[in-house]
Structures are given as C-alpha cells and as structure tokens.
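Q: Below you'll find the structure I mean.
The values are calculated or read from the model by the stated rules, or taken from the named source; none is laboratory data. All values reported here derive from a predicted model rather than from experimental measurement. Glycine gets a Cβ as well: all are built from the backbone with ideal geometry, and neighbour counts include every protein chain shown. Surface areas here come from the heavy atoms of the whole protein model, side chains and all, with no ligands, DNA or RNA. Shrake-Rupley method; radii C 1.70, N 1.55, O 1.52, S 1.80 Å.
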Amino acid sequence: EGAATALPPRNEVSAAFAREVGTFLEREIAPRAAALQAEIASARGNPRPRNQLGVLYARHGFLDKAEAEFRAALAAGDYGPALLNLGNVQLLKGDRDGALESYDRAARAAPGDAKAVLSLARVQHELENFGQAAKLYERLKALDPRLAERYAYLGQRSEEATRAAAAEDSTGRVLWIE
C-alpha cells in the first residue's frame, strides 16, 4: 500500500511563502535602494531621496520600512510628498486617524495641491464624514477637474458612493508621490 503523506499546516506554508517573497523582493529592489541610500548620504538634508526610498519600499509592500523613511524625510520639517506618503502607509495599515492627520498637514502645507486635497477627501469618506468629503471634492474639482473625475464618488453620500469607493479601492487605494 502507498505511504500516507502529511501536508504541513497551511499557516506554516503561508509564512514560508511570505518569507521567500520578501527575500526575493528585497533582492530585486536592493540595487535601487542602495543607489537611493547613496543619494541620501550626499543630499545634505534634502528629503526628496529619502521620500523616494520610502516609495520604493511601499510599492513593494515593505510598509514599516517605508514609514521609517517618510518619517525621516519629515525630520527637518513638513515635506508635502512625504506627508502624503506617510498618510498612505497609515491608511493601508488601518490607521485612518493617523492618515487624516498626515493628509491634513500636507493640505495645510500646500493648499493648492490637488493630491493632498484628494487624499484628505478620500480618508474623510472612509471615516464616513461624507459632508466634509463632498466639500473637499468640490475644492478638488476646482483644482484639478480631470483628477476629480476619477473620484466622483467623493461628492456623493449614498450607498452607491460606498460601492463606487470599494470598486475604486480594488484598483488602487493610494497615490504614491515621488
């Protein structure tokens, strides 16, 4: 008779797979990360390369590393792209209040930045502050009508808006700003 083969527990297989994917991704992004780290070393406090490194990490799912880079980029003061990206990481981690604070700081730092207004409107919508989201959406339409068109659900308060938001979120929840 054939020997019985015991399969390993599903959680162990999932954990091993996640480790292997993480190792692969780190190896794949290592050259770009090293180049950005060299740029950071010579940047004399310019937050841009540190923000770019955070975006690299974030796009590959290394949210903790990304958050550390965005926070380091903000050490010398508010830098709009890093504030938006930090808010994105917070949102992806489920910290809507932290995201709201980061997006609000970004919008105050650059009141005419359509992406900051969009991000703020989206988190307000997720927090079910539909009136505030609609006001921000009107501001977004004035700043960037084409961008606003992609997020029309922000101007609505109904279940239809919630369904539209869910459909939009499945295609891309955040905009990374380099």
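Q: Can you name the residue in the range 1-22 that is assigned to a loop (DSSP other than H, G, I, E, B) and open to solvent by 70 Å² or more (accessible area, probe 1.4 Å) and is also nearest to Arg59 (Cα to Cα) among such residues? Even if it seems obvious, please write down each step before you answer.
A: Taking the range 1-22 and keeping what is assigned to a loop (DSSP other than H, G, I, E, B), we get 1-9.
From the residues that got through so far, the ones that are open to solvent by 70 Å² or more (accessible area, probe 1.4 Å) too are 1-8.
Working: Glu1: 50, Gly2: 47, Ala3: 45, Ala4: 42, Thr5: 39, Ala6: 37, Leu7: 33, Pro8: 31 Å.
Per the criteria, the residue is Pro8.
Q: Any chance you could count how many residues in the range 99-116 are part of a helix (DSSP H, G or I) and surrounded by fewer than 17 Cβ atoms within 10 Å (Cβ to Cβ)? Explain how you work it out, then say what you get.
A: Just the residues of the range 99-116 that are part of a helix (DSSP H, G or I), to begin with: 99-109, 114-116.
Narrowing further to those that are surrounded by fewer than 17 Cβ atoms within 10 Å (Cβ to Cβ): 101, 108-109.
Looking only at that region, the number is 3.
Q: Among the residues of the range 136-157 satisfying the criterion of being among the basic types (Lys, Arg) and at pLDDT 95 or above, which is most open to solvent (accessible area, probe 1.4 Å)?
A: Here is the first cut: in the range 136-157, the ones among the basic types (Lys, Arg) are 139, 141, 146, 150, 157.
Those left that are additionally at pLDDT 95 or above: 139, 141, 146.
Numbers: Arg139: 95, Lys141: 83, Arg146: 196 Å².
So, considering only residues that are among the basic types (Lys, Arg) and at pLDDT 95 or above, the one most open to solvent (accessible area, probe 1.4 Å) is Arg146.
Q: Right, another one. Give the range 97-138 a look and list any residue that's touching a Phe, Trp or Tyr at 6+ places or on another chain (Cβ under 7 Å), of a type in the set (A, V, I, L, M) and in contact (Cβ under 8 Å) with a residue 24 or more places away in the chain, or say none.
A: Within the range 97-138, Ala116, Leu118, Ala121, Val123 qualify.
Q: Scanning for something free of Cβ contacts under 8 Å to residues at least 12 places away in the same chain, open to solvent by 40 Å² or more (accessible area, probe 1.4 Å), over 12 Å from Ile177 (Cα atoms) and assigned to a loop (DSSP other than H, G, I, E, B), does the range 53-63 turn up at least one residue?
A: Among the residues of the range 53-63, not one is free of Cβ contacts under 8 Å to residues at least 12 places away in the same chain, open to solvent by 40 Å² or more (accessible area, probe 1.4 Å), over 12 Å from Ile177 (Cα atoms) and assigned to a loop (DSSP other than H, G, I, E, B), which makes the answer no.
Q: Sticking with this structure for a sec: Give the number of residues within the range 74-96 that are charged (D, E, K, R) and either buried (at least 16 other Cβ atoms within 10 Å of the Cβ) or assigned to a helix (DSSP H, G or I) (or both).
A: At the first step, the residues of the range 74-96 found to be charged (D, E, K, R) are 78, 93, 95-96.
Imposing the further condition that a residue be either buried (at least 16 other Cβ atoms within 10 Å of the Cβ) or assigned to a helix (DSSP H, G or I) (or both) reduces the set to 96.
Here the count works out to 1.
Q: Which condition number in (1) under 12 Å from the mean Cα position of the chain (by Cα); (2) under 29 Å from Ala30 (Cα atoms); (3) part of a helix (DSSP H, G or I) is the one that Ser119 fails?
A: Every condition holds for Ser119 apart from (2).
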